[in-house]
Amino acid sequence: MILDGVEVLGGPVVINNRRLSLSKAVRAGNFIFLTGQIPMLDGKPMTEGSIEEQTKNCIEHIRLTLLDCGCDLHNVVKSMIWLKDRTDFPGFNEVYGQYFTEMPPARSALVSDFLVDIKIEIECIAYISDGHKPSKINVD
């Protein structure tokens, strides 16, 4: 089904050499919805490293996906955070704050047992004004 004003952006999501049945990002009107980003290293989940390292990795991957969509971190209006362990919140929050210094997005955070072998997952929603249209750049 094709919906008017909705398009898939970014390249495919591949983990452990397996292409997943989800979109990296979807534009609906002026909003861009990003799939939850886990820390990745060489195409595999980053199972090592501190919460600070894993948070930075996630945000850098998000930044690249947003660039593929024709925008950047300044366009993020909402983020949802899943942490494996509640004691990781301060370390996550410290790194997150370094990326979102001005007009930080609305944010929710929760602890989830769904995360296996990783410490964090971050999902974002970005907004593009009417005067700015995202360009489709696919990076495989």
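The numbers here are math on the coordinates, done by the rules we state, and not lab data. Computed from a predicted structure; not experimentally measured. Neighbour counts run over all protein chains shown; Cβ positions are idealised from the backbone, glycine included.
One residue stands out among those in the stretch 63-91 that are over 24 Å from ASN30 (Cβ atoms) and of a type in the set (A, V, I, L, M, F, W, C): the one that is surrounded by the fewest Cβ atoms within 10 Å (Cβ to Cβ), which is PHE89. The listed residues are SER50, SER21, and the only one of them that is in contact (Cβ under 8 Å) with a residue 40 or more places away in the chain, exposed (fewer than 15 other Cβ atoms within 10 Å of the Cβ) and more than 15 Å from the chain's Cα centre (by Cα) turns out to be SER50. Taking the listed residues THR65, THR55, THR87, the one that is assigned to a helix (DSSP H, G or I), among the hydroxyl-bearing types (Ser, Thr, Tyr) and closer than 28 Å to VAL6 by Cα is THR65, with no other qualifying.
Every condition in (1) in contact with a helix residue (DSSP H, G or I) (Cβ under 6 Å, 6 or more places away or on another chain); (2) under 18 Å from TYR99 (Cβ atoms); (3) not β-branched (Val, Ile, Thr) is met by LYS24 except one, and the failing one is (2). The residue pairs whose first member lies in the stretch 63-78 and is within 10 Å of CYS124 (Cα to Cα), whose second member is assigned to a loop (DSSP other than H, G, I, E, B) and among the acidic types (Asp, Glu), and whose beta carbons are closer than 7 Å, counting only pairs six or more residues apart or on different chains, are LEU66/ASP72. The residue that is farthest from GLY10 (Cα to Cα), counting only those in the stretch 24-47 that are among the aliphatic types (A, V, I, L, M) and within 16 Å of the chain's Cα centre (by Cα), is MET46. Flag set for GLU60, criterion: assigned to a helix (DSSP H, G or I), surrounded by fewer than 16 Cβ atoms within 10 Å (Cβ to Cβ) and at negative phi.
Within the stretch 29-47, the only residue that satisfies the criterion of being surrounded by 12 or more Cβ atoms within 10 Å (Cβ to Cβ) and over 23 Å from TRP82 (Cα atoms) is ASN30.
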